Amino acid sequence: MFNNIYKNILSFDNNQLAIRYLLSFGVFYSHMFAIYGLKEPALLWGVHSLGWYSVNGFFFISGILIAQSYNSKNIITYFLARVFRIMPAYVVSLFVAVFLAIVFSDASISIYAYDFINYIFSNLIPLNGINSAISGIWIATGQPSAMNNSIWTIPFEIFCYIFIVPLIMSSISKKYKLLLLFVSIYFLTKLGIFYSIGLKLDLLRVIFYFSLGIATYISAKNKTINLYFIGSLLVLISLDSNFKESILNICFLSCIVLVGFYFKSLIKLKNDLTYGMYLYAWPISQSVKWGVDNFHLALILAFLFLIILSWLSWIYIESPFLNIKNKLKYVIVKGK
C-alpha cells in the first residue's frame, strides 16, 4: 500500500485531478449557501464550512504537486511554470468579476468606473491581501459588496511558491535560508497575517497545509517521516483546540492521499478545469443569485455556467499559456 502511494506521489500516475474537481465543487457548493444568505454546510461533525475544508485540501495537494515540480525543474523553469499556470486565468477572473457586476448587479459604469479599475489594478499583482469589496455592488445577495471572495487564497499560494518551497526543499546555505525567512515574514505582514495583538491563525493555516503537502512529498521520496511533516501536522492540530476537529482534519487529508495517490487511474481526466472553477465560481454565483431566487435551480444554473466558462478558460487561456511555458522550458534547457 505505502509503496504504491510513494510511487504515485512521485510520478503522479494517480487521481489527483479528480480530487481537485471534488475540492473545487466543494468550494463552489459551500459559497452558494453564503451568497444566498444561508448557513454553509459543514463536513460531517466539523465546525467549519465545507469550503474551509476544501481550501485546506487544495493547499495540501498543491504542496505535494508543487514540490514535485520544484524537484524536477531548475529554478527558472520552476518560476516560469508557476507564473504561466497561475497568472493568466487569475487576471482574466478580475475582468470577469467586473463584467458580471456591470451586467447583473445594475452597477452604473459612470458611478463605479474608478472602483472597478481600482479593483483590477490593485489586485493585478497578488503579493498583498486581495481587495475584493466594492460598496454598493451585489446589494441583493447574501454577500453584498463581494466581488470575488474566493481569490483571497491566490496571494498565499504565490507566497508558498516563492518562499515555502525554497525554504523547505532548496539546498542553499543556512545564511541564505535565514535571509529568505526574514523576507518571507515581511511579505506575511503584507498579506495581513500579523496585526497589533497577534496572528490571524485562520489565514496562517493554509501555509501549513501547503507545508504538510511538501513534507508528504519529501516523505514519499525518502520513504521516511521528516521533521517538516511532524512539525506542520502538530501546528495544524494545535490550531484547532477541538480534538474531534483535529481527528476529522487528519481523516480528511488521509482520504485525499488514499483516493488521489493510492487508487490508480480510477477516473481518467484530460482537461483540467479545476482552477477555472475555483476562480470564476463566486462572480457566477453572485450573478445567478441576482436573477434566480430558488436556491436549487440557481445551484444547477450556476454550475452549468461555471463548467462552460471554466472550459473556455482552459481551452483559450490556460492551455495556450501552458504551451508557451513548455516551449520556453525547451528553449531554456536546450540553451544550457
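All of the numbers you see were taken from the coordinates with simple rules; none came from a lab. The structure presented is a predicted model; accordingly, all values stated were derived computationally and were not measured. In this analysis, Cβ positions are derived from the backbone assuming ideal geometry, glycine residues included, and neighbour counts consider all displayed protein chains.
Counting only alpha carbon atoms, the long axis of helix 295-313 and the longest principal axis of the chain meet at about 60°. Please give every one of the lysines within straight-line cross-link reach of residue 327, meaning a C-alpha to C-alpha distance under 27 Å, and leave out same-chain neighbours fewer than 8 residues apart. Within reach: 73, 268, 270, 336. What the Cβ-Cβ distance of residue 268 and residue 322 gives, at R0 = 22 Å and to the nearest 0.05, is a FRET efficiency of 0.70. Shape of the stretch 1-91 from the C-alpha gyration tensor: oblate (a/c of 1.5 or more and a/b not above b/c, with a ≥ b ≥ c the square roots of its eigenvalues). Full extension of the chain between residue 47 and residue 113 gives 19.8 nm of extra length, using 0.36 nm per residue less the Cα-Cα distance.
Across the options 188, 130, 108, the greatest Cα extent toward the positive end of the charge dipole of the stretch 74-189 (unit charges at beta carbon of Lys, Arg, Asp, Glu) belongs to 188. Three semi-axes describe the equivalent ellipsoid of the chain; taken as square roots of 5 times the Cα gyration tensor eigenvalues and ordered largest first, they are 32, 23, 22 Å.
If the segment from residue 120 to residue 239 were pulled out straight at 0.36 nm per residue, it would be longer than the present Cα-Cα gap by 39.5 nm.
Each stretch of four or more DSSP H residues adds -39500 (n - 2.57); spread over every residue of the chain, this sum gives -23500 deg cm²/dmol at 222 nm.
Dipole of the chain computed with +1 at Lys/Arg Cβ and -1 at Asp/Glu Cβ about the Cα centre; of 139, 161, 23, farthest Cα towards the positive end is 161. Using 1/(1 + (r/R0)^6) with R0 = 45 angstrom and r between the beta carbons of residue 183 and residue 255, what's the FRET efficiency to the nearest 0.05? My answer for the efficiency is 0.80.
Projecting label points 7 angstrom from Cα along Cα→Cβ for residue 296 and residue 311 puts them 2.5 nm apart.
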